[in-house]
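Every number here is computed from the coordinates shown, using simple stated rules; none is lab data. Model, not experiment: these values are computed from the prediction. Here the Cβ positions follow ideal geometry from the backbone for every residue, glycine too, while neighbour counts run over all protein chains shown.
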Amino acid sequence: MKHKFPYGWLKTMLHPDERQGVESARRRGKLDRQSILLLAVQGLFAAANALSGTFVNVYLWKMSKELALVGWFSLSHQAALGLTFWLAGKWVKEHNKMHSLRLGILISAIFYLLVLTLGSSAIRYVYLLGVVQGIAAGLFWLAFNVVYFEITEPDNRDRFNGWAGLLGSGAGMLAPWLSGFLITRMEDETGYTLIFSLSLGIFLIGAMISLLLKKRQVDGRYEWLHGLQRLREPDSPWRKLSLALLMQGIREGVFMFVIGLLVYISTGNEMKLGNYSLITSGISLIAFYLVGRWLQPRRRYMAMLTGAVLITLVILPFFWKVDYVTLLTFGIGVSLFFPLYNIPSTSTVFDYIGRDEDSAAHRVEYVVLREVSLNAGRMAGTLLFISVISISDDHLWLNTFLLVIGSAPIFSWLFMRRVLKQYRD
């Protein structure tokens with residue numbers, strides 16, 4: 001059954017003074033002022049995290065020399081993130097979603113303040129730090145995704161996602177390089193102190209810019225178990241969509257922190273890690289821009305399949321040798337092909353959230369379902385990683401594990417393919 005994505009009812013969720021501008025932007029398939037402001041806030045959030053995020057993991061590893069410890073830090077982050085999404089859903093739907101977004105930015109700043117305060121003692125508080133960072137991310141991304149849904153539609157959603165990826169890649173290109181440059185040119189832990197301080201400042205700037213975003217209307221009551229009820233329906237499309245998101249999360253949960261660590265362990269140099277991010281994110285920036293402009297809903301089916309297969313194949317060089325060259329080859333491959341996989345996946349799920357008026361009325365619950373599914377996959381992947389590392393740190397053992405979970409996007413496409421066919425047909 002094909003679903004239509006009506007626009008008329010969507011206008012009722014907007015403030016009257018927004019409707020004319022949104023309608024005009026919609027006719028041109030472009031982004032309105034609020035969309036651009038939201039992208040700016042997301043860009044600053046990404047920049048602050050890119051500046052220090054990778055190096056938090058390196059910082060913890062340098063003090064402990066234990067990959068499993070970094071895994072536990074990531075796991076506590078993911079657990080807090082998923083729980084925050086579910087609990088904060090009521091606040092976002094029934095009260096003020098903008099407060100959730102701004103609080104997420106401010107708690108992110110508090111996270112880096114904690115890291116600065118704890119210094120070398122941070123490894124004794126990895127669970128606390130992971131929880132604080134997870135709460136911050138949960139509050140921000142829940143509100144961001146709901147607002148993103150409200151100010152975009154199928155006509156411009158691929159374009160918004162293309163720009164979001166472009167900004168994320170730009171931040172990932174410049175910020176880690178700057179971090180690596182500063183760390184390697186300063187003594188002891190001074191460089192880490194500086195970049196954590198810079199991240200704190202950027203988060204505060206992002207919070208101030210977010211004040212320019214208009215307060216969104218609220219409607220309805222938050223249904224705590226709405227997502228679970230949809231999953232229990234035999235013919236619900238969310239059964240397949242949630243499994244697709246789970247598969248996506250399994251890969252993300254490990255690759256988000258392992259690759260950067262492997263680059264640092266292979267080179268022992270923060271500047272090399274910064275150069276790695278500069279090169280791979282620069283390529284990703286161009287790829288997101290081109291795919292965002294080229295991609296149309298009818299092309300999502302083949303684009304997502306192609307991206308999923310290619311980001312799996314680029315893992316194979318690890319079986320030859322894990323060094324800076326093979327890691328860079330992997331990073332360049334993922335940067336080129338990941339937008340083909342990611343943009344169709346993200347846009348399609350949000351299109352389904354807005355497929356009719358009743359579904360859009362439960363947009364907060366569906367965003368929570370999306371993020372909980374992703375996060376369940378991330379936690380599963382991270383737990384598997386910790387288990388594998390605890391059994392053996394042999395290169396072949398680890399590479400096989402990375403290939404297995406790295407193929408998860410192919411299964412993600414398999415679960416989503418029937419939905420994607422509706423666009424192609």
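Within a 10 angstrom radius of the beta carbon, how do 65, 30 rank from fewest other beta carbons to most?
65, 30
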Legend entry - Degrees separating the helix 126-151 axis from the principal Cα axis of the chain, which is the longest one: 30
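Rounded, prolate or oblate for the range 39-97? Axes are the square roots of the Cα gyration tensor eigenvalues, ordered a ≥ b ≥ c, and the cut-off for rounded is a/c under 1.5. Provide the component values of the computation, followed by the final result.
Details: a/c = 5.24, a/b = 1.59, b/c = 3.29.
In terms of gyration-tensor shape, oblate.
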Inset, instruction - Round to the nearest 10 and give me the degree value, 0 to 90, for the angle of helix 97-118's Cα axis relative to the longest principal axis of the chain. - result: 10
Legend entry - Inter-probe distance in nm under a simple model that places probes 7 Å from Cα toward Cβ, at residue 117 and residue 224: 3.2
Legend entry - Across 215/421; 30/215; 30/90; 65/240; 62/240; 65/97, pairs whose alpha-carbon gap is larger than 29 Å: 215/421; 30/90; 65/240; 62/240; 65/97
Legend entry - Normalised per residue, the volume of the convex hull around the Cα set of the range 16-424 (Å³): 124
Inset, instruction - Note down the nm distance, to one decimal, between modelled labels 7 Å out along Cα→Cβ at residue 296 and at residue 236. - result: 3.4
Legend entry - Degrees between helix 408-424 axis and first principal axis of the chain (Cα, 0 to 90, nearest 10): 20
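Determine, for each peptide in 268-279, 161-172, 115-126, the mean count of other beta carbons within 10 angstrom over its residues, then list the peptides with the highest first.
Going by the mean number of other Cβ atoms within 10 Å, highest first, we get 161-172, 268-279, 115-126.
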Inset, instruction - Counting other beta carbons within 10 Å of each Cβ, put 393, 351, 158 in order, fewest first. - result: 393, 351, 158
Inset, instruction - Would you please put 73-82, 286-295 in order of how densely packed they are, using the mean number of other Cβ atoms within 10 angstrom per residue and starting with the highest? - result: 73-82, 286-295
Inset, instruction - Among 112, 222, rank each residue by its count of other Cβ atoms within 10 Å, from fewest to most, as a rough exposure measure. - result: 222, 112
Legend entry - Bins of 5 Å from zero: percent of alpha-carbon pairs in the range 96-186: 3, 12, 13, 16, 21, 16, 10, 6, 3, 1
Legend entry - Inter-site label distance for residue 33 and residue 323 at 7 Å from Cα along Cβ, in nm: 5.6
Legend entry - Hz values of 3J(HN,Hα) by residue in the range 159-174 - Karplus curve (6.51, -1.76, 1.60), Gly and Pro given as x: 5, 4, 5, x, 5, 4, x, 4, 5, x, 5, x, 5, x, 7, 8
Legend entry - the range 16-424, dipole about Cα centre (Lys/Arg Cβ +1, Asp/Glu Cβ -1), debye to the nearest 20: 1000
Inset, instruction - List, in order, the whole-Hz ³J(HN,Hα) value for each residue of the range 312-321 obtained from phi through the Karplus relation with A = 6.51, B = -1.76, C = 1.60 and θ = phi - 60°; use x for Gly and Pro. - result: 7, 5, 6, 7, 4, x, 4, 6, 7, 5
Legend entry - Under the Karplus curve 6.51 cos²θ - 1.76 cosθ + 1.60, θ = phi - 60°, whole-Hz ³J(HN,Hα) for the range 53-59, x wherever Gly or Pro sits: x, 5, 7, 5, 4, 5, 4
